[in-house]
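Everything below concerns the one structure shown next.
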Amino acid sequence: MALTQQLARVTQRYLDRCRETAAAPDGDPRWNPPPEDLLDLDWAVWELLALYRRTRPESPDIAVLARCVHGDGSAPVSFLDHAEVYDRIDGPPSLLSPAAVTELARALAAMDIGPVLTTLPAYRRAGGFPGFTDDPAAYLLDHFALLRSFFDVAAARGMAVVVWVD
């Protein structure tokens with residue numbers, strides 16, 4: 001089973017409804033955001049983070065990317081710690097508030113991952129992207145563009161983002 005990074009854009013109203021539903025005896029929050037508000041980033045951001053950490057450990061982009069996939073804590077969405085939401089192999093879902101989403105959208109818009117991608121040949125020689133047969137630069141660029149766009153839309157709509165691994 002492959003683990004992948006999941007993100008969902010949600011409104012406070014949707015989170016409140018899920019919280020109320022989770023109060024039922026089965027604890028199931030009936031989590032089912034619309035498909036257009038879901039993003040499966042595969043494992044691209046994790047590999048991009050590993051690339052940054054190995055080749056540019058001082059980069060502030062590391063904190064931005066890490067926050068995008070780890071959130072700001074799970075307490076406000078602890079009701080999502082349910083088997084119907086995620087497979088429980090990793091930690092429970094975590095929340096990024098609308099203010100945090102706006103902040104991250106600005107940071108992602110300012111990021112240029114091009115320079116770090118120039119280090120891919122050395123990174124691969126050191127064991128990065130094991131068994132990956134496609135172009136890793138294109139893979140990372142495509143998924144970074146998806147992440148950036150996802151946060152742009154969430155920020156424009158004043159939405160929160162829930163992150164988890166499934």
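The values are calculated or read from the model by the stated rules, or taken from the named source; none is laboratory data. No experiment lies behind these values; they were computed from the predicted model shown. Cβ atoms come from the backbone with ideal geometry, glycine included; neighbour counts cover every protein chain shown. For the accessible areas, the whole protein counts, side chains as well, though only heavy atoms, and no ligand, DNA or RNA atoms are used. Shrake-Rupley method; radii C 1.70, N 1.55, O 1.52, S 1.80 Å.
Considering only GLY128, ASN32, LEU80, and ranking their Cα positions along the charge dipole of the chain that arises from unit charges at the beta-carbon of Lys, Arg, Asp and Glu, the one farthest toward the positive end is GLY128. Spread over its residues, the convex hull of the C-alpha atoms of segment 116-164 is 99 Å³ per residue.
Using the Kirkwood radius over Cα pairs, work out the Stokes-Einstein diffusion coefficient for segment 42-124 at 20 °C and 1.002 mPa s, in µm²/s as a whole number.
149 µm²/s
Scattering from the chain was approximated by placing one identical point on each alpha carbon and applying the Debye formula without solvent; log10 I(q)/I(0) at 0.10 1/Å stands at -0.39.
Of the chymotrypsin sites (Phe, Trp or Tyr not before Pro) found in segment 93-153, none is in coil by DSSP with at most 10 other Cβ atoms within 10 Å of its Cβ.
The dipole here belongs to the chain: it is taken about the Cα centre, uses +1 on the Cβ of Lys and Arg and -1 on the Cβ of Asp and Glu, and is about 440 debye. What accessible area, in Å² to the nearest ten, does a 1.4 Å probe give for ARG30? Estimated to the nearest 10 Å², ARG30 gives 110 Å². Note on the chain: with a GNM built from Cα contacts shorter than 10 Å, the maximum mean-square fluctuation among PRO136, PRO76, PRO115 falls on PRO115. Farthest toward the positive end of the dipole of the chain, out of SER94, TYR14, LEU104, is the Cα of LEU104, where the dipole comes from beta carbon charges about the Cα centre.
Tell me, what is the Rg over Rh of segment 11-75, with Rh the Kirkwood radius over Cα pairs? Show your work: numbers first, answer last.
Numbers: Rg = 16.5 Å, Rh = 14.5 Å.
Reported Rg/Rh, Kirkwood definition of Rh: 1.14.
Overall, the accessible surface of segment 1-80 at a probe of 1.4 angstrom is composed of carbon and sulfur to the extent of 55 percent. Calculated accessible area for the chain comes out at 49 Å² per residue, all protein chains present (probe 1.4 Å; ligands, DNA, RNA ignored).
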